[in-house]
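Data block below; observations after.
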Amino acid sequence: MMQEKKYTPLSEISGGNATTAKLRIAIQKSGRLYDDSVKLLNECGIELRNVKDRLKTESDTFPMEVFFLRDDDIPQYVEDGVADIGIVGENVLFEKNKQATIVEKLGFGKCRLSIAIPKADVYSGIKSLDGKRIATSYPFLVQQFLNTNNIQGEVHEISGSVEIAPGIGLADVVVDLVSSGSTLFMNGLKEVETILQSQSVLIKNNKLNKEQELLLDKLLFRIKAVKKAKRNKYILMNAPNDRLKEIIALLPGMKSPTVLPLAESGWSSVHSVLNEDEFWEKIEQLKAAGAEGILVVPIEKMVM
Ligand code: PRT
Ligand code: ZN
């Protein structure tokens, strides 16, 4: 359960030289961020060669070298410039407190770092944490939170299964990552305060050279197109010509909707793009305005 994990020696993975026109990215070797990180690279047209059980690999479709690391080590590698960029959770980035810049929020690996106490305990605000023993894998962030709120607490760092600490008498309170909340629930704990909202981010070394910055711009352009496409849907519908004006007014489109005549006279086919935030509302309005046979299609990339 509380397993020790080793820091991979730099010599095992570096080997490259910092001035080659190649972007070296550090991603998680295995764990919750691995699949989404590789998927994002793939969606950006970056295919990785033979990723299984490797410390590093290359891409044949983008000048990129990929290092597979423990997520905890990624901020350090990026600060040191052993990797130029990395994908890591904000929780780890802020806990490690390394010098690296966030260039893009990636929208996956969402979770929150929260304070939880035994279900039966009464919580009467932050001040009730005074003098408590707090178990966490995030000692830096917890101490920062305590200092900011002027609370005295005993921070006990443990590297895994933090949620069992109150049950075995190791702590009164825990601070741990939460997503669905079921781990806390199953361990008889309740969430009382959130210290940090977190998601995966793309980070960069602060001293990239010009060529590396150019490659990063190229990658960012692709990431933004992929992210934008995920937030939008392509829709096609049939519209009676006498209500076209009303229907078109409802549609944003990238410039304006595409309108094509249908074989059946008096009808047109209207194509447009809808944002997920307004999607269902718009569909209802379009139906009310006389649109029929509405088709919704996912978009792979959206280049503006
Ligand atoms: O081996 P390595 O060090 O790389 O991996 P790891 O074991 O440290 O991390 P991993 O793979 O578990 O998580 C990687 C990152 O995923 C974290 O740093 C977060 O940025 C993000 N993430 C998102 C989460 C969760 N959601 C999450 N729920 N990381 C951990 N959890 C754990 C949490 O610690 C708790 O034990 O899941 C449990 C709570 O989940 P719920 O759904 O029951 O609330
Ligand atoms: Zn980790």
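The values are calculated or read from the model by the stated rules, or taken from the named source; none is laboratory data. Since we're looking at a predicted model, the values are computed, not measured. As a convention, Cβ positions derive from the backbone with ideal geometry for all residues, glycine included, and neighbour counts pool all protein chains shown. Side chains are part of the model used for accessible areas, which takes the heavy atoms of the whole protein and leaves out ligands, DNA and RNA. Shrake-Rupley method; radii C 1.70, N 1.55, O 1.52, S 1.80 Å.
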What helix-only [θ] at 222 nm does the chain give? Using -39500 (n - 2.57) per DSSP H run of at least 4, over all residues, to the nearest 500, the answer is -7500 deg cm²/dmol
With Rg from the Cα atoms and Rh as the Kirkwood inverse mean 1/r over Cα pairs, region 233-298 has an Rg/Rh of 0.93
Rounded to one decimal in nm, the spacing of the 7 Å Cα→Cβ label points at Glu47 and Gln143 is 4.8 nm
Contour minus Cα-Cα span, Leu260 to Glu276, at 0.36 nm per residue, comes to 3.3 nm
Expressed per residue, the solvent accessible area of region 111-198 in Å² (1.4 Å probe) is about 50 Å²
Given a Förster distance of 45 Å, the FRET efficiency implied by the Cβ-Cβ spacing of Ile168 and Glu292, rounded to the nearest 0.05, works out to 0.10
Computed over the Cα atoms of the chain, the Rg and Dmax in Å are 24.8, 78
Label model pair Phe108, Ile151: point-to-point distance (7 angstrom along the Cα→beta-carbon line) in nm is 3.3 nm
Expressed as a percent, the accessible surface of region 114-193 that is carbon or sulfur, using a 1.4 Å probe and the full set of protein chains, is 52 percent
Expected max-MSF residue from Ile168, Ile158, Ile27 in the GNM of the chain (alpha carbon, under 10 Å) is Ile168
Rounded to a whole %, the carbon-and-sulfur portion of the accessible area of region 228-304 at a 1.4 Å probe is 55 percent
Note: region 111-198 at 4 °C, 1.567 mPa s; Kirkwood Rh on alpha carbon pairs; Stokes-Einstein D in µm²/s works out to 103 µm²/s
From the cross-link list Lys190/Lys230; Lys98/Lys228; Lys210/Lys255; Lys110/Lys204; Lys190/Lys233, the entries with a Cα-Cα span beyond 27 Å are Lys190/Lys230; Lys98/Lys228; Lys210/Lys255; Lys190/Lys233
Quick shape check on region 18-92: root eigenvalues a ≥ b ≥ c of the Cα gyration tensor, a/c under 1.5 is rounded, otherwise prolate if a/b tops b/c, else oblate, and it reads oblate
